[in-house]
Amino acid sequence: MNLQELRYCDPSPAVDWEYMQEPQRVGSSFALVNLARFVPPPTASSWRVTVEGQFCNLLKLERGWDGYNSGPISRAVAAFTRAILKSAMKPDTPAPTLVPTRGGGVQLEWHEQGLDIELMVYRPMDAELTVHFLDGRDSIEEEPLSMNFELLSEVLEELI
Amino acid sequence: MRLSFPDQASLPGDPLPEYAAPPVAETTVGIQFDGLDAYNSLAAADFWAEVKAQFPAVEERQPLEPAFETFGPSDGANAVARIEMVTEVIQPRFFFVSKDEAQLIQLQRDRLFYNWRRTDAALEYPRYSHVRGCLSENLDRLYRWAARLELGEVVPTQCEAVYVNRIPLADAEGNKCGLSFIFPWLNGLKGMTEDGIFRFRRRLNDETGQPVARLNFDLRYGTDEEGGREAHLMLAVRGRPSELLTKEACLAFIDAEREVIVRTFTEVTSEDAHKLWERTR
């Protein structure tokens, strides 16, 4: 590798570590160029492809899509939802159905294998989980979740 | 507020290491927030009018994507590229830059950050207390500005602290040295590698044991155009207090993030390097 790095380039602080081929530099005024770069291998994870397809449609919604002047889901809600799924889903977890809601939120739904799972994402860091088990177990009703999605993951485990 | 790794080495009350000449090249502290639904570029111009005397230059940049730390069993999944088609207007990220270019405020629809960066005119790191004070002042300004222009309510969603260090790979006499002189845990590699990257992430828990933040460690090294060897070490912590989301809570959280960064920096670097940077505690 011909290395001519360590030169100053433009500052571009604040990092997005998720869903990036390379991290944006957080607060760094410089960058190493011609340097070995981390390029994640392509993923065959089918739920990601399905979810991204749904996001494409939701982010294109025009204001008033529901007849009540609601806007499309916000990019922040989309980013938060991606982070949730990244934390809670396994490669073979079934993809959810994404339903836009009033106020720019999104509801994620899984209805299969005797479970009705609904995760309502109102705003970034503000979600609620509701689960109904058709085998008679006690339901989970509107459990608030913000950062820790272990509970959602445990429930989704039953779909695999 | 205290953040700790699940397998924390230091104990509460351990004094925070200090350096008289730390290799800090840039530091960034700030918050990500939600709620400014009425934000637009004219409102950003109004914010700039308030800081223009101290930050007279303006630059426009691509906005940063919203990013959130969440926790579950699958956090190590790899990234995928995506294409987004959106109907909303994409607002730029503004840099309001000081005359000596050493300080800047970054403002976009959902972020406010304060940066200090080393320049020829500002070689000495002004210390965290100064950086914190500048962030605090501008957070106050952010809340006042949002209320005055009726942009919406600022709801913090993430707090972030970042330190970037430029570390010449040279000893006290200026002689070239291997990476392991600075980073002793890299000892064992035979021969000199040309360049490289080493990255990891670690969860951070709050006092109740709940994961609330994440440390991102990024070490890169190589050779510059003059043949000098240098390492860049970036330590970034992002997360959110689990309850109160006031300005004071955000600052306390950023204090805790900075503490993790300072301790990690000290743990991953050698005592010989600490002497170079004039460790005082």
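The values are calculated or read from the model by the stated rules, or taken from the named source; none is laboratory data. From a predicted model like this one, the values you see are computed outputs, not experimental measurements. Cβ: placed from backbone, ideal geometry, glycine included. Neighbour counts: every protein chain shown. Accessible surface areas use protein heavy atoms only, side chains included; no ligands, DNA or RNA. Shrake-Rupley method; radii C 1.70, N 1.55, O 1.52, S 1.80 Å.
Each of A:His111, A:Ser46, A:Ser139 was scored by the projection of its Cα onto the charge dipole of the range A:45-157, and the greatest displacement toward the positive side belongs to A:Ser46; charges sit on the C-beta of Lys, Arg, Asp and Glu.
Using bins of 10 Å that start at zero, the share of Cα-Cα pairs per bin across the protein assembly as shown amounts to 4, 20, 29, 26, 15, 5, 1, 0, in whole %.
When the helices of chain B are scored as -39500 (n - 2.57) per DSSP H run of n ≥ 4 and the total is divided over every residue, the value at 222 nm lands at -7000 deg cm²/dmol. Each part reduced to its alpha carbon centroid, the range A:74-146 and the range B:108-132 end up 39 Å apart.
For B:Lys176, list the lysines whose Cα falls under 17 Å from its own Cα; do not include residues on the same chain fewer than 8 positions away. Filter leaves B:Lys190, B:Lys275. With R₀ fixed at 41 Å, the C-beta to C-beta distance from B:Ala121 to A:Arg102 puts the FRET efficiency at about 0.20. In summary, the aspartates and glutamates within cross-link reach of A:Lys90, defined as a Cα separation below 14 angstrom excluding same-chain residues under 8 places away, comprise A:Glu150, A:Glu154, A:Glu157, A:Glu158, B:Asp75.
Restricting the GluC sites (Glu not before Pro) of the range A:51-113 to loop positions (DSSP other than H, G, I, E, B) with no more than 14 neighbouring Cβ atoms within 10 Å leaves A:Glu62. Of all lysines in the structure, those lying under 28 Å Cα to Cα from B:Lys52, and not within fewer than 8 positions of it along the same chain, are B:Lys99, B:Lys247. With contacts taken as Cα pairs under 8 Å and at least 6 residues apart, chain B reaches a relative contact order of 28 percent. Here is the interface size for A with B: some 6100 Å² of accessible area buried, both sides summed, with a 1.4 Å probe. Our note on the geometry: Cα centres of the range B:242-281 and the range B:8-64, 16 Å apart. The equivalent ellipsoid of the range B:1-49 has semi-axes of 37, 19, 9 Å, largest first, where each one is the square root of 5 times an eigenvalue of the Cα gyration tensor.
Measuring heavy-atom accessible area with a 1.4 angstrom probe and counting protein chains only, the residues of the range B:31-66 that give up at least 40 Å² relative to the chain alone are B:Asp34, B:Arg61, B:Leu64, B:Glu65, B:Pro66.
Think of a 1.4 Å ball rolled over the protein heavy atoms: the range A:45-157 then has 42 Å² of accessible area per residue. In this structure the amide hydrogen of B:Ala231, modeled in the peptide plane, comes within under 5 Å of the amide hydrogens of B:Ile167, B:Leu169, none closer than 5 places in sequence on its chain.
Over all Cα atoms in the range A:45-157, the spread is summed up by Rg and Dmax: 13.8, 41 Å.
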